[in-house]
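Notes follow the structure.
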Amino acid sequence: MKELDGQTVVLVGGSAGIGFETARLARAEGAEVVLTARDPAKLERAAEALGARGTAAFDASDAAAVAGFFGALPGPIDHVLVTAGGPHYGPLLEMSAEDVRTAVSDHIVVSLEIARHAVPKMRPGGSILLMGGTGGRRVGHGLGIVSAATAALPPFTAALALEVAPVRVNLIAAGFVDTPLSAALLGDALEDRRAELRAKLPIGRVVGPADVAALAVHLMTNTALTGATYDIDGGQQFVF
């Protein structure tokens with residue numbers, strides 16, 4: 001029997017990268033998957049490739065759209081992975097007050113709204129998985145507000161896990177993951193970054209979406225895990 005037989009997994013940000021790969025692995029483990037993303041064309045291509053049960057195109061930072069999606073979604077559901085959004089880099093003094101508010105609160109507000117509307121449709125023991133990072137734990141030039149935003153997520157995850165129990169909440173803290181988002185952020189510097197990581201990481205290779213997906217599916221299936229943060233960075237935080 002497959003580990004996710006008879007279960008439904010919702011991927012918020014599921015058309016590419018970590019979300020898509022987690023959906024692929026969840027399908028391999030017997031789950032039905034529902035994909036959401038902002039780009040309707042990418043979403044439909046991903047859904048066709050995976051045999052998704054359904055899709056919805058909306059911006060996860062739009063609270064009304066989130067409420068509408070979960071309100072219309074047939075229940076019950078079992079797991080929700082939130083990969084929508086990305087880090088905000090840049091010198092602090094060059095950021096406006098609104099930029100700082102968005103960078104610090106973006107993931108928390110999006111995750112809270114998703115939890116608010118998803119939990120009533122979730123089976124006990126199901127899980128909400130949030131994405132954070134390890135790269136921002138060390139303060140450095142160019143990181144700007146990333147370290148503060150990263151530090152806020154573990155206590156938020158733990159507090160949310162207590163409030164929505166018996167639904168579980170966990171945080172995946174990734175380092176560099178070789179995804180389309182990473183390629184977009186690094187541009188021409190991508191190959192140099194890959195080479196640097198292969199040379200320095202203790203695992204001797206670059207972390208990919210499949211690595212994170214394997215952790216995500218484990219967190220879905222292991223019902224003893226909640227309120228915790230799980231690092232997956234190939235040892236990046238220890239060598240950079």
Region 19-77 to region 107-124: how many Å between their Cα centroids? 15 Å
Quick one: length gained pulling K200 to T221 fully straight, 0.36 nm per residue minus the C-alpha distance? 4.3 nm
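Counting helices only, and only those DSSP H runs with n ≥ 4, report the 222 nm mean residue ellipticity of the chain as the sum of -39,500 (n - 2.57) divided by its residues, in deg cm²/dmol to the nearest 500.
Details: 9 runs with 109 residues, N = 240.
That comes out to -14000 deg cm²/dmol.
Relative contact order, percent, of the chain when contacts are C-alpha pairs under 8 Å separated by at least 6 residues? Before the final figure, lay out each step's value.
Details: 449 pairs, mean separation 48.2, N = 240.
Taking the mean separation of contacting Cα pairs over the length of the chain, I get 20 percent.
Note down the magnitude of the dipole of the chain about its Cα centre, charges +1 on Lys and Arg C-beta and -1 on Asp and Glu C-beta and zero elsewhere, to the nearest 20 debye. All intermediate terms of the calculation are to be shown ahead of the outcome.
Values: 19 positive and 25 negative charges, 85 e Å.
That gives a dipole near 400 debye.
Taking the Cα centre of region 49-129 as origin and charging only Cβ (+1 Lys, Arg; -1 Asp, Glu), how large is the dipole, in debye to the nearest 20?
Values: 5 positive and 8 negative charges, 105 e Å.
Magnitude of the dipole: close to 500 debye.
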In debye, nearest 20: dipole of region 75-205 around its Cα centre with unit charges on the Cβ of K, R (+) and D, E (-)? 520 debye
Label assignment, Cα extents along the principal axes in Å derived from the structure, set (i) 60, 45, 32; (ii) 85, 60, 41; (iii) 46, 39, 38: (iii)
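Check every DSSP H run in the chain and write down those whose alpha carbon atoms cover 20 angstrom or more along the long axis and whose mean Kyte-Doolittle hydropathy is 1.0 or greater.
Details: long enough: 97-118 (30 Å, 0.23); 146-164 (27 Å, 1.38).
Correct list, ordered by number: 146-164.
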Considering the chain as a Gaussian network with a 10 Å cut-off on Cα pairs, which listed residue, P120, P202, P87, attains the greatest mean-square fluctuation? P202
Of the GluC sites (Glu not before Pro) in region 138-240, which ones lie in a loop per DSSP and count no more than 16 other C-beta atoms within 10 Å? none
Within region 165-196, report the trypsin sites (Lys or Arg not before Pro) that DSSP leaves as loop and that have at most 12 other Cβ atoms within 10 Å. none
Below 30 Å, Cα to Cα, which lysines can K121 reach? Residues fewer than 8 away in the same chain don't count. K2, K42
Can you tell which of L50, L130, L171 shows the greatest fluctuation in a Gaussian network model of the chain with Cα springs below 10 Å? L50
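Quick note: the coordinates plus some simple rules give every number you see, no bench work behind them. As the structure is a prediction and not an experimental result, all values here were calculated from the model. A quick note on method: Cβ atoms are made from the backbone with ideal geometry, for glycine too, and the neighbour counts reach across all protein chains shown.
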